[in-house]
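Trainee: Quick one: structure below, then a few questions.
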Amino acid sequence: MPSTPLPPPLNVLVTEPIMARFTDVLTRNGDSPHAWTFAWGDDPRIAEVAPTTDVLVCSSATPATPELLASMPQLRLVHVTGAGVDKIPLEALSDDVRLANTYHHGRSIAEHVMMVSMMLLRGVLRSEADMRHGVWSNVLVSGDYPFGGVLAGRTLGIVGFGEIGSSVARLGSALGMKVRAVRRNPDAPVPEGVELDWVGPDSALHELLAASDVVVVTVPMSEETRGLIDADALAAMRSSAVLVNVARGPVVDEQALHDALTAGTIAGAGIDVWWRNPRDPDAPPPSHLDFTKLANVVLTPHQSGHTVEVFGQRAQDITDNVDALAEGRPLRNPVSRN
């Protein structure tokens, strides 16, 4: 019986630098039949390999430009290294070019949310700063030192209920929190392993905010969600509550959040996503207002999903999809362009 011929190898261009740290996964430790080129920024190799590129692997931070896509006549797949495809110029893609993304960040972000929430409720920012200045201060030695609090028994309010929201809910429940959520379709099935005390429609946002001790924002960025957490929303929260944003910066109104934190309308915030991308040369710093002077904020540079497990699994998705494309099999996580 004649053997089945192997599919021709594909030319893959990777323009996201972080994926170069997972070349062993992407290239299957050098056993991949495909040709992989890792180049970004002004690297001249991009222009050299573009005309023969079959698969472009990029991210929202290193997006495919219309000019780059126009230089790739045999392009068959644009694979984003994360979930967001909002910065891919879809109008520049021909109809036969496919689009895929990858996730795996839910657990990582959920652990970040719990970590930040604990830091805020336990007053870690103040005590850590005191220790660095040689000050030993706690409730036993300082009569006015505030007590910290545990998560168990408190109410976790989740705005949006996709992969991230579901992962946050699982961890919150495991820690003894009462979990509430608002979602576009409150009657949709609850993911496996998730326990909700209450779920409501998007219109019940303020009801959720008023009942929650920890509010976690996980909705995707759109014109509908831009400024969703505004001054009225923050005013609906308890003064003892904290807000953790792991969605996109503009989902929360920047001025309103700064005002609420300054005035003590809410007790604190964890900001992992920002209003400007500091990787853009004309846009630093990441916010228009200065949050660094506020003592009730945990500031992180959009790193809640930056764990080795996340990127290792994403690299595996990408290499599996390159193989699937070459062999004519269905892709994992295809993105509809309609």
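The values are calculated or read from the model by the stated rules, or taken from the named source; none is laboratory data. In this text the structure is predicted, and so the values were computed from the model without any measurement. Cβ sites come from the backbone with ideal geometry, for glycine too, and all protein chains shown count toward neighbours. In case anyone asks, the SASA skips ligands and DNA or RNA and just uses the protein heavy atoms, side chains included. Shrake-Rupley method; radii C 1.70, N 1.55, O 1.52, S 1.80 Å.
Trainee: I'd like to verify a number: residues in segment 76-94 that are open to solvent by 10 Å² or more (accessible area, probe 1.4 Å) and at pLDDT 95 or above, how many?
Mentor: Within segment 76-94, residues that are open to solvent by 10 Å² or more (accessible area, probe 1.4 Å) and at pLDDT 95 or above number 1.
Trainee: Among the residues of segment 308-318, are any touching a strand residue (DSSP E or B) at 6+ places or on another chain (Cβ under 9 Å), within 21 Å of Leu121 (Cβ to Cβ), touching a residue at least 12 places away in the same chain (Cβ under 8 Å) and hydrophobic (A, V, I, L, M, F, W, C)?
Mentor: no
Trainee: Continuing with this model, one more query. Got a number for residues in segment 217-267 being in contact (Cβ under 8 Å) with a residue 60 or more places away in the chain, under 23 Å from Arg122 (Cα atoms), buried (at least 23 other Cβ atoms within 10 Å of the Cβ) and not β-branched (Val, Ile, Thr)?
Mentor: 0
Trainee: Say whether the condition of being over 13 Å from Glu163 (Cα atoms), part of a loop (DSSP other than H, G, I, E, B), modelled with pLDDT under 95 and open to solvent by less than 30 Å² (accessible area, probe 1.4 Å) is met by at least one residue in segment 204-214.
Mentor: Scanning segment 204-214, I find no residue that is over 13 Å from Glu163 (Cα atoms), part of a loop (DSSP other than H, G, I, E, B), modelled with pLDDT under 95 and open to solvent by less than 30 Å² (accessible area, probe 1.4 Å), so the answer is no.
Trainee: What's the total number of residues in segment 319-333 that are without any contact (Cβ under 8 Å) to a residue 24 or more places away in the chain and either basic (Lys, Arg) or assigned to a loop (DSSP other than H, G, I, E, B) (or both)?
Mentor: Qualifying residue count for the region: 2.
Trainee: Identify, from the list Pro278, Pro250, the residue that is under 27 Å from Ser59 (Cα atoms) and part of a helix (DSSP H, G or I).
Mentor: Just a single option satisfies the conditions, and that option is Pro250.
Trainee: Take Val135 and tell me if it is within 26 Å of Leu234 (Cα to Cα) and either assigned to a helix (DSSP H, G or I) or of a type outside the set (D, E, K, R) (or both).
Mentor: no
Trainee: Then there's this: For residues in segment 268-296 being touching a residue at least 40 places away in the same chain (Cβ under 8 Å) and open to solvent by 50 Å² or more (accessible area, probe 1.4 Å), which is farthest from Gly123 (Cα to Cα)?
Mentor: Arg279
Trainee: Restrict the check to segment 85-100 and report whether at least one residue is in contact (Cβ under 8 Å) with a residue 40 or more places away in the chain and under 22 Å from Thr300 (Cα atoms).
Mentor: Scanning segment 85-100, I find no residue that is in contact (Cβ under 8 Å) with a residue 40 or more places away in the chain and under 22 Å from Thr300 (Cα atoms), so the answer is no.
Trainee: Working only within segment 167-195, note down all residues that are part of a loop (DSSP other than H, G, I, E, B) and either touching a Phe, Trp or Tyr at 6+ places or on another chain (Cβ under 7 Å) or open to solvent by 50 Å² or more (accessible area, probe 1.4 Å) (or both).
Mentor: Selection gives Leu175, Arg183, Arg184, Asn185, Asp187, Pro189, Val190, Glu192, Gly193, Glu195.
Trainee: For residues that are surrounded by 15 or more Cβ atoms within 10 Å (Cβ to Cβ) and in contact with a Phe, Trp or Tyr (Cβ under 8 Å, 6 or more places away or on another chain), tally how many sit in segment 14-66.
Mentor: The total comes to 11.
Trainee: Let me ask something additional. Taking segment 152-166 only, how many residues are more than 18 Å from Val251 (Cα to Cα) and outside any loop (DSSP other than H, G, I, E, B)?
Mentor: Going through segment 152-166 one residue at a time, the tally reaches 3.
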